[in-house]
Amino acid sequence: MPKDSGIGASSKRREDIRFLTGSGNYTDDINIRGQAHVYFLRSDVAHGTLKGIDTSAAEAMDGVVRIFTGADFEAVGGMPCGWQVTDRHGQPMLEPKHPILAHGKVRHVGEPIAAVVADTLEQARDAAEALVVDIDELPAVIDMKEAVRDGATKVHDDIASNLCYDWGFVEENKDAVNKAFEEAAHVTTLELVNNRLVANPMEPRVAVGDYARGTDEHTLYTTSQNPHVIRLLMGAFVLGIPEHKLRVVAPDVGGGFGTKIFHYQEEAFCTFAAKACNRAVKWTSSRSEAFLSDAHGRDHVTKIELALDKDNNFAALRTDTYANMGAYLSTFAPSVPTWLHGTLMAGNYKTPLIYVNVKAVFTNTVPVDAYRGAGRPEATYQLERLVDKAAHELGVDPIALRRQNFITEFPYATPVAVEYDTGDYHATMDKLEEMADIAGFAARRRESEAKGKLRGFGVNCYIEACGIAPSNLVGQLGARAGLYESATVRVNATGGLVVMTGSHSHGQGHETSFAQVVAEMIGIDENMVEIVHGDTARGPMGMGTYGSRSIAVGGSAMVRATEKIIAKAKKIASHLLEASESDIELKDGAFSVAGTDKSVAWGDVTLAAYVPHNYPLDDIEPGLEETAFYDPSNFTYPSGAYACEVELDPETGHVSIERFSAADDFGNIINPMIVTGQVHGGLAQGIGQALLENCVYDAEGQLLSASYMDYAMPRASDLPFYDVDHSCQTPCTHNPLGVKGCGEAGAIGSPPAVVNAVLDAMRSGGKNVSHIDMPVTPSRVWAAMNG
Amino acid sequence: MYNFEIEKPATIADAVKALGRDEAQPLSGGQTLIPTLKARLAAPSVLVSLHGIDEMKGVCLDDDGRLCIGGATIHSVVAKEAQAHYPALAGLAARIGDPAVRNRGTIGGSVANNDPSACYPAAVLASGATVVTNKREIAADDYFQGMFATALEEGEIVTEVKFPIPQSAHYEKHIQPASRFPLVAAFVAKYADGVRVAITGASEDGVFRWTEAEEMLSNSFAADGLKGLTVDGSGMISDLHGSGEYRAHLVGVMTRRAVAAMGG
Amino acid sequence: MTKVTMTVNGKSASGDVEGRTLLVEFLRENLGLTGTHVGCDTSQCGACVVHVDGEAVKACTMFAVEAQGAEVATIEGQAAPDGTLNTIQQAFQDHHGLQCGFCTPGMVMSAAALLKDNPKPTEAEIRHYLDGNICRCTGYHNIVKAIMAASGQDVSRIAAE
């Protein structure tokens, strides 16, 4: 029987009420009395020497408050990078300066050159047109392999080359891996591109800076997935504002998908300018600006090779990847192609020897950073395409080849430094085979063929590492931040409680699912629990939401804090019941003495905590409020198996998704409805990457896919109903809820299944195409079929 | 946007007068113009809204049996009201953009703009329609003059389009997945005196008649007869959504499918 | 500045606007009705869909002065005065048809326009009708399901909790 409340129940989302009635509070809904507006003049060339900006005419225009250029920020810090990768020679990555407004040079189309603050946005735009900017255009470097050639134009003059780092992992394995390739019975090689994407949360970024001169307090309202992190980075490293004088609020946020993790120039600018102008300063990104200023995602070019022995066992794997950093290092960019990618190259397989090489490259393009999945989709895509290719080369069934090489014993230490705690890859594959109705495929293919269409079937597995992560480990790997999470549980006198979590909800439904956990632990109604997030003034230091970490890390912190609450409440109850503390049991919101009918209600205990007339004041303090910080001991490892069935129109090359099945293992599940929704959204983004989305630059560094007119966002008519299952559950062994996280799985697991299915469809039409790059657009399919 | 005044005339005469003002520009449904203004790619000082001109709205038959659609008629009205008379045209209107766009966008605006990927120009050209303005009547064959170029003069507005109703017709489109405009679309219209085929989305010169296909189809109305007939890819649009060669290929596919849908 | 007056969610509303003031700006800035959102500048995302004289339009692609005298309906006017959600809103909550909520007002308004003209749409009709409403969170599955449910159709056989 499905539960109707608490852990495991599909509780309806309470946040829906405000979103469905137009009463959400998104950052652009916030207006501060007297606020000015800022318009950023952005570079329209990809690379150039910025010789000067004449602001005099613009300054005289109506409504202009002040015009800022790079020179105004010489005294403050640049944008910080939060992760330092060490290269294969033991040297730190090259880390160029990243100014708030361009200074001396512009390095990508869209880089802010000047900021005009005016009474209205249109006045600011008018004045921006009157700025006279003197730029000597320089040749742009766009292609990564060109960028690392000797003599290539340098994106940054202050560092040695465009090669940010050359990372080898695990460097000590390299010789053994090469030797295994020499001895292999079969080697499969694949070269592919993981296409550059733009995250495109539907809410564009917004920042509103406010400043109170009387108290010297700064407030920034921003569209962020992690307001505390922004406060720390911006306060400590950019503007030099102590955290107790800086409040960062991320209210309702309309989707993030990674691109709202990072600290952006516009946030620092609005905070800085609010003080400089002594009035609030607001920036609302247009969608066109978002394409030029939100960090992009993916953009890897990879060669991957698999060595197999004579029995088709995977013997060794090696990869050679170029990862685009763009023009500057965005906040967590260096970690994405390394620690979030290389560590996942074992996938679901017991490949004993693995070597991963990643060259991170600067180009004259928008910075690239984490986008839903961040490194793990890139790992999964290349590995699962490669395994499929190997199966076809060897003439064996792709599912059988996968099963033969599955890891089956846990914990399992991979040759790429991570230890999977639990998993059952055969179970998810079994489930998938049942869901996908493989037996019925032949008949469905015949139906398609009768209509002149080709039908293809593709599968893949995936593993991901979520719940990032142990702070001491990531510190060794170069993280400049801890990756714990916090929660404060504040119980009110009348028994209701508020949980202040460092996790941020921007679509994930934490306000509902987190409440389910606490309500179940205490045995009270979910509606007695309120979840508060997104405001540094209201909760303890938190690390925010990304990497599918909220329930695994934030939820664990909340459990720990609630356990402290329960422990203290039991002490109070034991006093009220005049019984030994060890005999007190909490069930269904009441404390009772074991083996008796004596009990006291939750509300009586909480009242006693705040009206401590009859209270053990000698032993414990009044009040009922506890904080916990939780630092996980390992990543979590969700896994699964996905299948896609496509229909391909051989005349136009159009591919439609006819069926998509996803069997996931997320460990324990708090709210199945929300988990299913998270998978749906991830699948749409993965299918979008596979079929539609592509961020394209021309050779001069102009962004060709710079609006929804050219960047193909998946629409309802591009997608099917999905078949999603998460009944295979191997609970995580190292967090209190046994949860693994589910936010990124769909985006990680779906692209290879789609491409594998397209190639299968082509084969059925007599075209043996060994690879096609994403997005698999009609024109590419047609070219491949007619090439 | 730069600022401008908006005039809202109630008659064609008043609209024409308003368009005589300095830097005045007509505003039809605005579904293309407003995004253009947002990007500050146009700087009119006056926008003359055609939305309130009742004499430019509606769908009716004239004495010659032509389907006459007022220039300010929105797509969703055409989708409904043309259905009984000219279902292929109604079907085209029903699939332009999206429902909200169809509730604002007008046939006159589309025809006046002549976007190389717009739907309506294909129907107008394939139907051999007459574009009526406040000054004159222009045959479709003379009206379309290349990408975003038409025979319209400064201050001239499309007040009506008159479509001779074909024996049968079909519009087949393959969409560009981002904009949802046609990547290539074919409108095939069969009249007693011959078949007309208009192609949109494909050519660097905008909508065009595929005369070779027209000749073959006028001889023998069969999709199979078009197999092997190709258009030259060299004049076709080539962009990140498809090469000129691919578009040229789609011209054949869309035309054949349109013909097949008409039973040919 | 021009004075415009229109009826918004049943109440008369007026204000001074420039020629370039978009309907969505009038709703959000003049009237404080911030439920209507702006997600793009090319008239594609549909976060700003409202009804003008009963028809769905993109409030970001229509000038405020063009709505002079019109009846405008926004997301704020969809629930009953006591807060009870309407059938479509309730179906979106019941079937988890929203996540971050940003596209939701436009989705609900588009769904209402669809069901007015087509009370029992098929799955394909719903998907095509939503061509002008982009959602980045849900993958559309639960939006389509919610609209089918709101139209009284049995959705129990569609996968998911």
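Quote the charge dipole size of region C:2-76 about the Cα centre in Debye, to the nearest 20; the model charges only the Cβ of Lys and Arg (+1) and of Asp and Glu (-1).
Values: 5 positive and 10 negative charges, 15 e Å.
Magnitude of the dipole: close to 80 debye.
Rg and Dmax of region A:45-186 over Cα atoms: what are they, in angstrom?
Cα only, region A:45-186: 21.8, 75 Å (Rg, Dmax).
For region C:47-158, what mean projected area does the convex hull of the alpha carbons give, in nm²? Numbers along the way, then the final one.
On the way: hull surface 28.7 nm².
With every direction weighted equally, the projected area is 7.2 nm².
According to the Cα gyration tensor, what semi-axes, each the square root of 5 times an eigenvalue, does the equivalent ellipsoid of region A:565-718 have, listed from largest to smallest in whole Å?
Values: eigenvalues 694, 83, 36 Å².
In descending order, the three semi-axes are 59, 20, 13 Å.
Could you provide, to the nearest whole Å², the per residue accessible area of the protein assembly as shown with probe 1.4 Å?
33
Could you tell me the largest-minus-smallest coordinate of the C-alpha atoms of region B:5-49 on each of the three principal axes, in descending order and whole angstroms?
Over region B:5-49, Cα extents along the principal axes are 30, 21, 12 Å.
Choose one of A:Ser707, A:Ala690, A:Ala753: the residue whose Cα lies farthest towards the positive end of the charge dipole of region A:669-787 (beta-carbon charges +1 Lys, Arg; -1 Asp, Glu; about the Cα centre).
Most positive-ward Cα: A:Ala753.
If you count only protein heavy atoms and use a 1.4 Å probe, how large is the accessible surface of C:Val38, to the nearest 10 Å²?
It works out to around 60 Å².
Obtain the nm distance between the two label points defined at A:Ala439 and A:Glu191 by a simple spin-label model: each point lies 7 Å from its Cα along the Cα-to-C-beta direction.
4.5
In Å, what Kirkwood hydrodynamic radius results for region B:9-159 from the alpha-carbon pair distances? Mind dumping the intermediate values first?
Working: mean 1/r = 0.0645 Å⁻¹.
Computed over region B:9-159, the radius equals 15.5 Å.
Using +1 on the beta carbon of Lys and Arg, -1 on that of Asp and Glu, and nothing else charged, what's the dipole of region A:377-501 about the Cα centre, debye to 20?
Values: 13 positive and 17 negative charges, 107 e Å.
With Lys and Arg at +1 and Asp and Glu at -1, about 520 debye.
Compare the Cα positions of B:Leu89, B:Thr106, B:Phe4 along the charge dipole of the protein assembly as shown (+1 at Cβ of Lys, Arg; -1 at Cβ of Asp, Glu; about the Cα centre) and return the one farthest towards the positive end.
Among B:Leu89, B:Thr106, B:Phe4, the one farthest towards the positive end of the dipole of the protein assembly as shown is B:Leu89.
Report, ordered by chain and residue number, the aspartates and glutamates lying within cross-link reach of C:Lys3, taken as a straight Cα distance under 12 Å and ignoring same-chain residues fewer than 8 apart.
Within the straight-line limit of under 12 Å, C:Lys3 reaches these aspartates and glutamates: C:Asp16, C:Glu18, C:Glu66.
Would you kindly calculate the mean projected area, averaged across all directions, of the convex hull enclosing the Cα atoms of region A:446-547, in square nanometres? Write out the running numbers ahead of the final one.
Details: hull surface 49.1 nm².
That works out to 12.3 nm², a quarter of the Cα hull's surface.
Need one number: nm distance between label points at A:Lys598 and A:Asp157, each 7 Å from Cα along Cα→Cβ, rounded to one decimal.
Inter-label distance under the simple model: 8.2 nm.
Residue by residue through region A:629-635, which ³J(HN,Hα) values in whole Hz follow from phi under the Karplus form 6.51 cos²θ - 1.76 cosθ + 1.60 (θ = phi - 60°), with glycine and proline marked x?
10, 10, 10, x, 8, 7, 5
Take region C:90-139, drop everything but the C-alpha atoms, weight them equally and run the Debye formula without solvent; then report log10 I(q)/I(0) at 0.14, 0.28, 0.30 Å⁻¹ to two decimals.
-0.33, -1.29, -1.38
Over 18 Å, how big is the tail of the calculated P(r) for region A:1-117, in percent of all Cα pairs? Could you put the intermediate results ahead of the total?
On the way: 4836 of 6786 pairs.
Percent of Cα pairs beyond 18 Å in region A:1-117: 71.
Please list, in order, the residues from region C:55-73 whose amide nitrogen is less than 12 Å from a point placed 7 Å along the Cα→Cβ vector of C:Glu29.
Zone members listed by number: C:64.
Quick check on chain B: what does the Kirkwood estimate of hydrodynamic radius come out to from the alpha carbon pairs, in Å? Provide the component values of the computation, followed by the final result.
Values: mean 1/r = 0.0539 Å⁻¹.
Answer for chain B: a Kirkwood hydrodynamic radius of 18.6 Å.
Note the full-extension length gain between A:Glu447 and A:Ala400 as 0.36 nm times their separation in residues minus their Cα-Cα distance, in nm to one decimal.
Numbers: separation 47, 0.36 × 47 = 16.92 nm, distance 2.64 nm.
Length difference between fully extended and current span is 14.3 nm.
Taking both sides together, what accessible area is buried at the A/C interface, probe 1.4 Å, expressed in Å² and rounded to the nearest 100? If you can, show how the numbers build up before the last one.
Numbers: alone 28320 and 8450 Å², together 32280 Å².
In total, chains A and C hide about 4500 Å² from solvent.
At a Cα cut-off below 17 Å, give the aspartates and glutamates reachable from A:Lys245, other chains included and same-chain residues fewer than 8 away excluded.
Once the sequence-local aspartates and glutamates are set aside, what remains near A:Lys245 is A:Asp210, A:Asp216, A:Glu217, A:Glu267, A:Asp535.
Once you charge only the Cβ atoms, +1 for Lys and Arg and -1 for Asp and Glu, what is the size of the charge dipole of the protein assembly as shown about its Cα centre, to the nearest 20 debye? Show your work: numbers first, answer last.
Values: 100 positive and 152 negative charges, 124 e Å.
My answer is approximately 600 debye.
What nm distance separates the two modelled labels at B:Gln167 and A:Glu171, each placed 7 Å from Cα along Cα→Cβ?
Going from the B:Gln167 label point to the A:Glu171 one covers 8.0 nm.
Taking region B:168-261 on its own, what percent of its Cα-Cα pair distances exceed 23 Å? Could you put the intermediate results ahead of the total?
Details: 789 of 4371 pairs.
Roughly 18 percent, once rounded to a whole number.
Using a Förster distance of 35 Å, how high is the FRET efficiency between B:Ala260 and A:Asp698, based on the Cβ-Cβ distance and rounded to 0.05?
Numbers: r = 38 Å, r/R0 = 1.09.
Taking R0 as 35 Å, the efficiency between B:Ala260 and A:Asp698 is 0.35.
What Kirkwood hydrodynamic radius do you get for chain A when you take the inverse of the mean 1/r over all pairs of distinct Cα atoms, in Å?
Values: mean 1/r = 0.0362 Å⁻¹.
After inverting the pairwise mean of 1/r, the radius is 27.6 Å.
Semi-axes of the equivalent ellipsoid of region A:375-484: what are they in whole Å, largest first, if each equals the square root of 5 times a C-alpha gyration tensor eigenvalue? Don't jump to the answer; show the numbers that get you there.
Working: eigenvalues 261, 49, 38 Å².
Those come to 36, 16, 14 Å.
Just give the residues from region A:688-715 buried by at least 50 square angstrom of accessible area in the all-chains context relative to the isolated chain, probe 1.4 Å, and say none if nothing qualifies.
A:Tyr708, A:Met709, A:Asp710, A:Arg715
Which of A:Lys389/B:Lys227; B:Lys17/B:Lys80; B:Lys80/C:Lys116; A:Lys12/C:Lys58; A:Lys145/A:Lys174 have a Cα-Cα distance over 25 Å?
Details: A:Lys389/B:Lys227 35 Å; B:Lys17/B:Lys80 32 Å; B:Lys80/C:Lys116 15 Å; A:Lys12/C:Lys58 30 Å; A:Lys145/A:Lys174 22 Å.
A:Lys389/B:Lys227; B:Lys17/B:Lys80; A:Lys12/C:Lys58, as the Cα separations exceed 25 Å there.
Given a 1.4 Å probe and no ligands, DNA or RNA in the count, how much accessible surface is buried by B and A, both sides, to the nearest 100 Å²?
On the way: alone 11810 and 28320 Å², together 38280 Å².
So the buried area, both faces added, is about 1900 Å².
Using the Karplus curve 6.51 cos²θ - 1.76 cosθ + 1.60 with θ = phi - 60°, work out ³J(HN,Hα) for each residue of region B:38-49 in order, rounded to whole Hz, and write x for Gly and Pro.
For region B:38-49, the Karplus-derived couplings read 4, 7, 6, 8, 9, 9, x, 9, 9, 10, 9, 6 Hz, x marking Gly and Pro.
The values are calculated or read from the model by the stated rules, or taken from the named source; none is laboratory data. Because the structure is a prediction, the values reported are computed rather than measured. So basically every Cβ, Gly included, is an ideal-geometry build from the backbone, and we count neighbours across all protein chains shown. For the accessible areas, the whole protein counts, side chains as well, though only heavy atoms, and no ligand, DNA or RNA atoms are used. Shrake-Rupley method; radii C 1.70, N 1.55, O 1.52, S 1.80 Å.
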